[in-house]
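Asker: Mind looking over this structure? Questions follow.
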Amino acid sequence: MSLRTHTCGELRASHIDQPATLAGWVENRRDHGGVFFIDIRDRYGVTQVVFNPGTDAHKRASEVGPEYCIHVAGMVRRRPDGTVNKERGTGEIEVVAQSLEILNASKTPPFEIVDRIDTAPELRMKYRYLDLRRRPMQRALVARAEFCRALRNHLASQQFVEVETPMLTKATPEGARDYLVPSRVHAGHFYALPQSPQIFKQILMIAGMDRYFQVARCLRDEDLRADRQPEFTQIDLEMSFVEPEDVWAQVEGSISAGFAAAFGVDLQPPFPRIAYKEAMLKYGIDKPDLRFGMQFVDLTDYSKSCNFKVFREAADSAGLVGGGIVRGVNAKGAGGWSRKEIDALSTFAQEHGGKGVAWLRVVESGLDGSIAKFFSDGEKVTIREMLAGQPGDLLLFGAGDETTVNGVMGPLRHHLGDKLGLRKFGTFKCAWIRDFPMFERNTKTGAIEPTNHPFTSPTESDLNRLTEKLQNDPLSLGGRGYDLVMNGWELGSGSIRIHRRDMQERIFEFLGLKREEYEAKFGFLLEALEYGAPPHGGFAYGVDRTIALGLGLDSLRDAVAFPKTSAAADPMTGAPSPVSDEQLRDVHIRTIE
RNA sequence: GGGCGCGUAGCUCAAUUGGUUAGAGCACCGGACUGUCGAUCCGGAGGUUACGGGUUCGAUCCCCGCCGCGCUCGCCA
């Protein structure tokens, strides 16, 4: 027989005068000398239990402490007038204890099990079982499970097949660093844990599975960030015989089902589709927060003939390689910011690779501020009109090469949105960013690299000019890749893939891979493409990040049951740890130093 | 690998220019109290100031090293 008849969140006025037994943890106890209250907690809620003096249960109740695991039997009773707790679902009733059993005592916990805590993350991770007893953490785990369950149901209804791909797979030297697993059977050989199931899902399409998805664990041995864990989960899907719109519709349907189930939020698909170039022009970033407008105004053409030398010189080189642009943005209502606040924006710009930010305040008499003196009266009127400036607005400008200006202005727009209270939790704005270029230049090394990954197909309209573009102007080559963004976060990315061997080889070779190299790494995929591989494409996005967004969590760690510290360690288990010499011998490993 | 910050009671933090016995809130322990719900009131205990070294009459404070944590740059196709 079960140790309980009800959960701690279940009892209502309708249960009055019924017997009930509850099991859970001691949330709180209040000893009045005579009457004694214990709040008993489980996953479902909290119920007040009353112990009257003179009873055996009352005697036992004085022995329990916080987080004791207890079992209580008694009668449900309406609370006396004036003692109803309206903040609690069970607040109309209480259980009058007839017996209390201590199922297990508890040491005094290292931190209090309360909703709001500011305990160091390391301590919370060391005692994760206590941290996970907290309501917000349990809510997050439940929401995550609900999200995935709704998503599975939706995708199943759309004929998707859930397939598990290997955890022990083949190392790929490019991309992120692999987690390696030594092989016992093959001395000196190693498996790699998957960075993503990318190639396997393409193989599944070649196998004719047509629609695949997986809640996939991915692992990358790179240094951590607040929004990055070494192991994480992606919703990974792939479809055959599709255009991007087909993929987007399935992602929209499934993520919306997940959001509705987990967070009670309607994402209102279909999401806007925004070309990469348009996003860069209007927002300076490929993951714009669309909860607010504040679109950029392109002043490049206008600046070619203006008096302000900084703008004019940037505009004069427009269109050339590495050429300049001039962009303005109206931070509506920020005109009242202090000089100190405005100067802080320049510091922000410097942190993002710029020299600073030019600004003008809109006042009744016109424009006022650091660069006002460089413009004629007529120019001031025009600039104000172009940016729709009203008194009380702050106009901000970036001029210089495109990469630098966007590198500053894109994040600056989000920063302004934060400061102006335009990015508050509660609304969710998604968009597809489409038509990414095939390649981009690595600003550090100067090398040309794939924007997404080397399996992305070039845009169809560029196919007949592929050779010419690869030779002369590879950065102008369009790709069939796309990202899903929400509230200024990149949730995930995908593409229509290359499905022909000759095309895949040309891309590898363009990227500087020699035949022996790509044969060794991807020969099996290239060969598979020769057996009637269908056109296919797909998408993958981060579950941890999605849950954190949906719940408004400060840290990705709170969306993960058992996360790792910034040094990729687990304070609870002590992983990673040394292993015995025997274990090392088995896998033919000798450590150095 | 680099930069910045933090490390003091179980937890979160304080401690004047380097100066007497390192404090507070919460938690914990004891006592009082018959309707609380962050109960209240009274009392108590609790410290290798992360660790190792140095400077100094004297170090929580200054210096060097080291470990851990957090943020970040590199990195993350």
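The values are calculated or read from the model by the stated rules, or taken from the named source; none is laboratory data. Keep in mind the model is a prediction, meaning the values are calculated, not measured. Backbone-built Cβ (ideal geometry, glycine too); neighbour counts: all protein chains shown. SASA here: full protein model, heavy atoms, side chains in, ligands and nucleic acids out. Shrake-Rupley method; radii C 1.70, N 1.55, O 1.52, S 1.80 Å.
Asker: Provide, in order from the shortest bin, the percent of all Cα-Cα pairs of chain A in each 10 Å bin, continuing until the bin that contains the maximum pair distance.
Answerer: With 10 Å bins starting at 0, P(r) equals 3, 13, 19, 20, 18, 13, 9, 4, 1, 0.
Asker: Can you tell me which of A:140-151, A:518-529 comes out highest on packing, and rank the rest after it, using the mean Cβ neighbours within 10 Å?
Answerer: By packing density, highest mean first, the sequence is A:140-151, A:518-529.
Asker: Let me ask something else about it. Give, as ranges by residue number, the residues of the stretch A:541-561 whose backbone N falls under 14 Å from the point 7 Å along Cα→Cβ of A:Leu132.
Answerer: Those under the cut-off are A:558-561.
Asker: Also, I was wondering about something else. What whole number of Å gives the distance from the Cα centroid of the stretch A:425-460 to the Cα centroid of the stretch A:343-384?
Answerer: Computed from Cα coordinates, the inter-centre distance equals 32 Å.
Asker: I've got another one for you. Skip the ligands, DNA and RNA, and give the accessible area per residue of chain A with a 1.4 Å probe, whole Å².
Answerer: In whole numbers, chain A has 50 Å² accessible per residue.
Asker: Now a separate question. Among the lysines, select those whose C-alpha is under 19 Å from the C-alpha of A:Lys107, and discard any that sit fewer than 8 residues away in the same chain.
Answerer: By straight Cα distance, A:Lys107 reaches A:Lys126.
Asker: While we're looking at this one, here's another question. Taking the Cα-to-Cβ direction at A:Glu490 and at A:Glu313 and moving 7 Å from each Cα, how far apart do the two end points lie in nm?
Answerer: 3.3 nm
Asker: Heavy atoms only, 1.4 Å probe, whole protein assembly: order A:Arg545, A:Arg4, A:Arg515 by accessible area, highest first.
Answerer: A:Arg515, A:Arg4, A:Arg545
Asker: Using Cα positions and a limit of under 20 Å, work out the lysines in reach of A:Lys444, with same-chain residues fewer than 8 apart set aside.
Answerer: Answer for A:Lys444, where 20 Å is the Cα cut-off: A:Lys355, listed by chain and number.
Asker: Calculate the FRET efficiency for A:Phe37 and A:Ala105 from the Cβ-Cβ distance with a Förster distance of 25 Å, rounded to the nearest 0.05.
Answerer: 0.80
Asker: Another question, if that's okay. By how many nm would the segment from A:Lys514 to A:Phe562 grow when fully extended, if each residue of separation counts as 0.36 nm and the alpha-carbon distance is taken off?
Answerer: That pair, A:Lys514 and A:Phe562, stretches by 13.1 nm at full extension.
Asker: Related question: Using a probe of 1.4 angstrom, how much of the accessible area of chain A is carbon and sulfur, in percent?
Answerer: Here carbon and sulfur together make up 50 percent of the probe-accessible area.
Asker: Percent relative contact order of the stretch A:55-138, based on C-alpha pairs within less than 8 angstrom and at least six residues apart?
Answerer: 31 percent
Asker: Which lysines have a Cα lying under 18 Å from the Cα of A:Lys380, excluding residues fewer than 8 positions away in the same chain?
Answerer: Partners within reach: A:Lys304, A:Lys309, A:Lys332.
Asker: Something else about it: Among A:399-406, A:491-498, A:240-247, how do they line up from the highest to the lowest mean number of other beta-carbon atoms within 10 Å?
Answerer: Top of the packing list down: A:491-498, A:399-406, A:240-247.
Asker: Here is a further query. Can you work out the FRET efficiency for the pair A:Leu3 and A:Val215, with r the C-beta to C-beta distance and R0 = 35 Å, to the nearest 0.05?
Answerer: After rounding to 0.05, the efficiency reads 0.60.
Asker: Rounded to the nearest 10 Å², what accessible area does A:Arg500 have for a 1.4 Å probe in the complete protein model?
Answerer: Rounded to the nearest 10, that gives 140 Å².
Asker: I'd like the distance between the alpha-carbon centres of the stretch A:129-147 and the stretch A:225-246, rounded to an integer number of Å.
Answerer: Here the two parts' Cα centres lie 23 Å apart.
Asker: Right, here's the next one. Label 7 Å along Cα→Cβ of A:Val84; the stretch A:7-45 residues with amide nitrogen under 15 Å?
Answerer: A:12-16
Asker: Under a point spin-label approximation (7 Å from Cα along Cα-to-Cβ), what is the A:Ser555-A:Thr443 distance to one decimal in nm?
Answerer: Output for this residue pair reads 3.0 nm.
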